[in-house]
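Below: one structure, written as structure tokens.
Derivation of every value follows stated rules applied to the coordinates shown; laboratory data play no part. As the structure is a prediction and not an experimental result, all values here were calculated from the model. Please note: Cβ atoms are built from the backbone with ideal geometry, for glycine as well, and neighbour counts cover all protein chains shown.
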Amino acid sequence: MTFQKYNVAIYSIWSAILLIVIGCGGPEPRKPIEVRSGTFFKASVERSKALLAKEEKKIQEIIEKDTAHEYVHSASGSWYRLDVANPATEYTPRPDDLVIMTYNIIGLDNDTIYSKDDIGVLTYKVDKQELFPGLRNSVKLLKEGETGTFLFPSSLAYGYHGDEKRIGVNTPIKTTLSILKIEKNNDSIP
């Protein structure tokens, strides 16, 4: 092989290696076409805060007008009063207990949305079945034989979807909940 052919062969090999190395650099990430600044999400948060403030104001007005009862603000964000107390027990439902209960759903203007008869007697396994968020928390505040009236902002009721039947979008509600019986899970017994 002549010197010139040898140089061409080495040059071809190095060119091929260089092309492989450059070509195998991996895909470059594409730049986003549209950059989001987060203003939509910020505006959504502000709308939610304004809605909650408006609903809480209406709830406070209801509480102030109801001078016959004392309301308690729960840790979950609802307000409630105890209509029927049971001082004979201290036990409140715990996860996995079965609770037999009745409740209704009323608008804050006292318009009946679902009566107790519409809903019927419900057997609920605490924290294991679906209820709207406010009711799920409220069940754990009452003892067997107790009845309470709860006021929920829409965020603890059916939120921005409603129930797609009778409860509209962003509707705050009032519920009267009665705990008829608590069947304790064996792990819950102290």
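Some observations on this one:
- Pairs from Lys58/Lys116; Lys58/Lys165; Lys57/Lys184; Lys42/Lys140; Lys143/Lys174; Lys57/Lys140 whose Cα-Cα separation, in the structure shown, is over 27 Å: Lys57/Lys184; Lys42/Lys140
- Total formal charge among the other residues, if their Cβ is under 15 angstrom from that of Gln129, Lys/Arg +1 and Asp/Glu -1: 0
- Pairwise Cα inverse-distance average, inverted: Kirkwood Rh of the range 52-183 (Å): 15.0
- Other residues within the sphere of radius under 14 Å centred on the Cβ of Glu55, judged by their own Cβ, net out at +3 (K and R +1, D and E -1).
- Counted by Cβ distance under 13 Å from Tyr160, the other residues give a net charge of -2, where Lys and Arg count +1 and Asp and Glu count -1.
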